[in-house]
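One structure below.
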Amino acid sequence: MPIEKPLLIDYCDMTTTRARIAVTTIFFLNGAVFSSWYARLPAIQERLGLSEGAIGVALLGAPLGLLVTQPLVGALVAKRGSRPVVAAAPLYLAAVLLPALAVDARTLLLAVIAVGAANGALDIAMNVQGLAVELVARRELFNSLHAAFSFGALAGATLASVLASAGVPPLPHLAGAAVLGAATAAIVSRSLLPDEGRADALAPRFVRPSRPLAALGIVAFCALLAEGAVFDWSGIYLARVGEAEEGVAALGLAAFSLTMGVGRLFGDSVAARMGSPPTVLGGAVLASSGLILALGLTSPPWAIAGLATMGLGLSVVFPLTLRAAGSRDQLPGPAVAAVSTLGYMGFLLGPPVIGLLAEVTGLRVALLVAVGACAAAALLSGKVTAER
């Protein structure tokens, strides 16, 4: 990504390094803490005695929370910079405890609204902070930040598998994740990069998407819809359709997160050699093939292998899409926020729709929605280009 507008203040290498470590840690914590509650969703569903349809309705709370929060957060970041918003990460991470406190479908819905709002706020701010660090570092590192998120999700899902196998209920597990995540975020937030110098009092607080930006938003929507389907439904799919034990069912998300993290470690170098559009095209096709494998062969080993293949393919799609959005403006925050918001609408809206559809068709057929989303991202891959 070209460096077009440096910050107004020069920072020494040590300050930049500390800022990169801090934002990388925030990405990791976001993945680890939020994947913990997604991985325990089967246990929460069983404890509350809810059907897939009821879970789908509850999950609709996440996009509701996002819709209320993200426009406000996008405006705040554009006006004040991303650091103050990211510094509130301990509050966002603590929200994952709430679903474990639910006593029925209604309270679960309220809890998921809070989780969606918290996750959406942190996601916008940490991506803008990551872009600021990349500009100061004068090197491409955005994919590596998303790799940290994926490895965090892997760590959270793996720990959830171990604790579920040991019979640990969701409440103490998620309480521990919330406390540890919040404490770590509070420590590293001190080293975040002050990016107020990139703010512009006359800049628009909201971006009306142009046609190219809207196309990027659709790609982001499709990519994160498929990713959200795995986060919300892979454990339930393996448990209900594949008849896997809870500990084994959680390994589907772990395998997906592992290969996604590995793919993102090499995403920048692959895109540099092949170009972003071919890289996105190949990734989206590989992702759809992996999910078809998981749906076609339902035994846990094959399904987990399919989810791992899907994670490798999806790994590059969203980061390259955000980078393309950020390259289209000298003040990229609003553009990144617009595309990210559309993307996370897919992440949060897709899984509830799949749950409601599963009531009619069964979960296996409903997950074909995610296959279609990957195919749509492949068709629009040519739009993922940066304006130099």
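Quote the Stokes-Einstein diffusion coefficient, in whole µm² s⁻¹, for segment 111-157, based on the Kirkwood radius over alpha carbon pairs, a temperature of 37 °C and a viscosity of 0.692 mPa s.
Details: Rh = 11.9 Å.
The calculation lands on 275 µm²/s.
Bin by bin, in steps of 5 Å, what percent of the Cα pairs in segment 45-86 do you find, going until the bin that has the longest distance?
6, 19, 17, 13, 12, 9, 10, 9, 5, 0
Please report, to one decimal in angstroms, the Kirkwood hydrodynamic radius of segment 1-128 built from all distinct Cα-Cα pairs. Don't jump to the answer; show the numbers that get you there.
Numbers: mean 1/r = 0.0619 Å⁻¹.
It is 16.1 Å.
So how do 58-68, 117-127 stack up, highest first, on mean other-Cβ count within 10 Å? Intermediate values should be presented prior to the final figure.
Numbers: 58-68: 21.9, 117-127: 26.3.
My ranking of the peptides, most packed first, is 117-127, 58-68.
Take the Cα pairs of segment 127-181, get the Kirkwood Rh, then feed it into Stokes-Einstein at 37 °C and 0.692 mPa s and tell me D in µm²/s.
Working: Rh = 13.2 Å.
The calculation lands on 248 µm²/s.
What is the spin-label model distance, in nm, from I187 to L64 if the labels are put 7 Å beyond Cα along the C-beta direction?
Modelled inter-label distance: 3.7 nm.
Among V133, F34, G65, whose Cα sits farthest toward the positive end of the charge dipole of the chain (+1 at Cβ of Lys/Arg, -1 at Cβ of Asp/Glu, about the Cα centre)?
Projecting each Cα onto the dipole axis, the largest value belongs to V133.
Would you mind checking the radius of gyration and Dmax of the chain based on alpha-carbon positions, in Å?
19.3, 59
Read-outs throughout are calculated quantities, based only on the coordinates presented, and are distinct from any laboratory measurement. In this text the structure is predicted, and so the values were computed from the model without any measurement. Ideal geometry is used to build each Cβ from the backbone, glycine not excepted, and the neighbour counts take in all protein chains shown.
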